[in-house]
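Reviewing the structure listed below.
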Amino acid sequence: MTAAGWAPAVETVSEVAAAHARQSDENATFPTEALAAMRRTGLLGLLVPTAEGGAGGTLSDLVDVTLALGRVDMSVAMVFAMHCQQVAAITAFGGEKLRTEVLPAVARGERYLGSVTTEAGKGGHLLTAESALAHDGEMLRVDRQAPIVTGGPYADAFLITTRAPGAESASQVDLVYAARDQLEVEVTGGWRPLGMRATHSVPMRLRGAVPQWQVVGEHGGFREIATTVFAPLAHVGWAAAWLGTAAGAYERLLRHARGEAGRRQFNPSSELVLLRLAGIRIRLDAAHALLRHTVSVVADAPDMSAAPVQLLLNTLKIRAAEESFAAADELVELSGLRHGYLTDSPLALERTFRDLRSASLNYANDRLRLANGALALRDQAVRLA
Ligand SMILES: Cc1cc2nc3c(=O)[nH]c(=O)nc-3n(C[C@H](O)[C@H](O)[C@H](O)COP(=O)(O)OP(=O)(O)OC[C@H]3O[C@@H](n4cnc5c(N)ncnc54)[C@H](O)[C@@H]3O)c2cc1C
């Protein structure tokens, strides 16, 4: 599959995801059928370079695909976007042996990559790690408690943050690739959340040993990976998932409103209806413009660590979370009880609302506001990216 030819694959995965979305949400089970479709269609390899057998997709392609998947199931969109974030990290920072081992297998649909950054003692803080990576002869020993791992029981491999061997502080962080068969994988609890139920993000303990070449980048070098790949891909991918979800719900509402049953409920000459519809659309268009602008800035940025670039990326995450959730809330208000609040409505607005409630928490907006305050002080010229 080439990046330009991904449309049929997205259509297939979207159809499969839509067919199972209600059930996966109800039972809080992982969308295994959608993952199988991503494997089969080659979509899992969207960001794998063509030289390694993938589609050679760009950040803009990631946005297009994630937006489309979000329209039918936000959990599926997140699963996809987070997998792509892992692929991008290996592509940019993995050594040759690691790239050769992993990337063609991802392109063949054989490896879905899980993400392990959150840790009990430090919460979501990305740039520190509590548990250590330890030398054990030629190997490096991992023993990691992971409180929340999206699709963990279904992942073929994980990228795990740990303290670098012999680290003197929590901020000397490694990113390590570990295949499932190199680990003892223990699911240590359940997953009973308000929304994002189909991500099946269970707590796990991962124990095992990996060779040195499975460290992504230099020992202690995770900060650079986070700045140049992990944070940009997370914020852009999440924003696309949230915005796609809100846009999909808005589309369902509009189609319903223009249909026979909906015409009785939604009076198109009511100023209240028009003002509410406009308000929601403004949120979507504003968040979409910010998302696309951020992608173009990231694509051309000579220095990803520059304050204006980091400020913009954090602003995207905060704003996309807020606008998408506000849009979902207003869709519920506009639709009323029958279609806005009941779980059996085909508009699925209550699921949209529950799913999008996670957006501000998924890497806490407050953390990013604090970071942006400090970054703003470093950019006295206010260079807007
Ligand atoms: C659906 C879903 C799937 C996820 N999947 C994964 C996954 O696969 N792998 C993974 O590793 N993680 C995953 N996460 C975790 C996610 O990436 C965040 O790290 C996590 O949600 C943050 O956890 P926390 O509540 O401990 O937040 P924290 O960031 O620790 O914040 C908790 C609260 O305290 C406040 N707070 C705490 N410390 C600070 C501070 N220093 N500055 C400002 N405010 C602070 C925050 O505002 C927030 O209200 C997932 C989360 C969700 C919602």
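The values are calculated or read from the model by the stated rules, or taken from the named source; none is laboratory data. In this text the structure is predicted, and so the values were computed from the model without any measurement. Here the Cβ is made from the backbone with ideal geometry for all residues, glycine too, and neighbour counts use every protein chain on show. Please note that ligands, DNA and RNA were not included when accessible areas were found on the heavy atoms of the full protein model with its side chains. Shrake-Rupley method; radii C 1.70, N 1.55, O 1.52, S 1.80 Å.
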Worksheet item: When the accessible area of the chain is split by element with a 1.4 Å probe, what percent falls to carbon and sulfur?
Response: 53
Worksheet item: Say R0 is 41 Å: what FRET efficiency, to the nearest 0.05, do SER270 and LEU194 get from their beta-carbon distance?
Response: 0.80
Item to complete: Grab the Cα-Cα distance for SER305 and ARG263, subtract it from 0.36 nm times how many residues apart they are, and report the gain in nm with one decimal.
Response: 10.0 nm
Worksheet entry | Per-residue HN-Hα couplings for the stretch 95-107 [Karplus 6.51, -1.76, 1.60; θ = phi - 60°; Hz; x = Gly/Pro] | x, 4, 4, 5, 4, 5, 6, 9, 5, x, 5, 4, 4
Fill in: Efficiency of FRET between LEU370 and ASP285 - r from beta-carbon atoms, R0 30 angstrom, step 0.05
0.55
Item to complete: Please give the contour-minus-distance gain from ARG255 to SER171: 0.36 nm per residue of separation, less the Cα-Cα distance, rounded to one decimal in nm.
Response: 25.2 nm
Response to the item:
The ³J(HN,Hα) series, computed from each phi in the stretch 224-234 with the Karplus coefficients 6.51, -1.76 and 1.60 at θ = phi - 60°, rounded to the nearest Hz and given as x for glycine or proline, is 5, 4, 5, 5, 9, 10, 4, 5, x, 5, 5
Worksheet item: Pick from ALA320, ALA107, ALA92: which is most flexible by mean-square fluctuation in a GNM of the chain where alpha carbon atoms under 10 Å apart are linked?
Response: ALA92
Worksheet item: Heavy-atom accessible area per residue, the chain, 1.4 Å probe: how many Å²?
Response: 43
Worksheet, complete the sentence: The answer for the net charge of residues other than GLY279 whose Cβ lies under 13 angstrom from its Cβ, with Lys and Arg +1 and Asp and Glu -1, is -3
Fill in: Karplus 3J(HN,Hα) series, Hz, for the stretch 161-167 with 6.51 cos²θ - 1.76 cosθ + 1.60 (x for Gly, Pro)
8, 9, 5, 5, x, x, 4
